[in-house]
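Here is the structure we will look at, set down as structure tokens.
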Amino acid sequence: MPPKVPSFAELLDGARTSAVHLEMRDSYGVATEASDFARWKQTGEADTDPDSPYWARWTDLIRRTVARGVTVRRARIVSEPVSDYIRYEHAGTSVNVSAGEQVRWLPRRQASDIALPGNDFWLIDSHLIRWNHFTGAGASAPGEISEDPAAARLCADAFEAVWTRAVPHDEYKII
């Protein structure tokens, strides 16, 4: 029987030193974002209030994680010119940053020689992986937990290689 996949709150509440997240898709079709994304596409307005009902659970989680001394970093590998979804994500990333996440962006062309895992992931304390699986349309699919040392090393090395090359959020210009 595969191990139970903890919630993101359980994962981050259990982190002691670090939580890193690598995103590699140009589009996601996550149900919880659908109405906000649709509104952004129609109006160009993103919800950037960290305390809004849309963001509050996430920002509260990140704030309490960072307050305990855990470093939370997120890196995104993106194709350029970027997709509408990446434009939307970029428009709202100020919320992640204001909550305490460090966020960087790496153009996909600059990632060609980096060995990357096949899926997005969270890596907690350099050893616990939460694989994020998605359908072909970008909808969330059941995640998976792993503590395989070789996979954790791949994720850690990939994340650090991406992070080193990536551009901090406040400097990344959408193309």
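Residue-wise test of (1) part of a strand (DSSP E or B); (2) among the aromatic types (Phe, Trp, Tyr).
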| position | (1), (2) |
| --- | --- |
| 10 | no, no |
| 16 | no, no |
| 32 | no, no |
| 54 | no, yes |
| 59 | no, no |
| 75 | yes, no |
| 85 | no, yes |
| 96 | no, no |
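Can you tell me how many residues within region 126-175 are in a strand (DSSP E or B) and small (Gly, Ala, Ser)?
Start the filter on region 126-175 by keeping residues that are in a strand (DSSP E or B), which leaves 128-134, 140-146, 167-168.
Subset that is small (Gly, Ala, Ser): 140-141, 143, 146.
The number of residues fulfilling the criteria is 4.
Residue 103: outside any helix (DSSP H, G or I), surrounded by 20 or more Cβ atoms within 10 Å (Cβ to Cβ) and touching a Gly at 6+ places or on another chain (Cβ under 8 Å), yes or no?
Details: outside any helix (DSSP H, G or I): yes; surrounded by 20 or more Cβ atoms within 10 Å (Cβ to Cβ): yes; touching a Gly at 6+ places or on another chain (Cβ under 8 Å): no.
No; evaluated as a whole, the condition is false for this residue.
Quick one: is residue 125 more than 15 Å from the chain's Cα centre (by Cα), within 30 Å of residue 150 (Cα to Cα) and free of Cβ contacts under 8 Å to residues at least 12 places away in the same chain? Judged against the criteria, residue 125 is not a match. When the residues of region 1-37 are narrowed to those that are farther than 16 Å from residue 96 by Cβ and of a type in the set (Val, Ile, Thr), which ends up surrounded by the most Cβ atoms within 10 Å (Cβ to Cβ)? The residue in question is 5.
State which residue is surrounded by the fewest Cβ atoms within 10 Å (Cβ to Cβ) when the search covers only region 38-79 and only residues that are farther than 17 Å from residue 92 by Cβ and touching a strand residue (DSSP E or B) at 6+ places or on another chain (Cβ under 7 Å). Before the answer, list the steps.
Taking region 38-79 as the starting set, the residues that turn out to be farther than 17 Å from residue 92 by Cβ are 64-71, 73, 77, 79.
Still in the running and touching a strand residue (DSSP E or B) at 6+ places or on another chain (Cβ under 7 Å): 65-66, 70-71, 73, 77.
Details: 65: 22, 66: 17, 70: 20, 71: 14, 73: 18, 77: 24.
Top of the filtered list is 71.
Rule-based calculations on the coordinates, nothing more; no lab input. Only a predicted model underlies this, so the values are computations on that prediction, with no experimental measurement involved. Note that each Cβ is placed from the backbone with ideal geometry, even for glycine, and that neighbours are counted across all protein chains shown.
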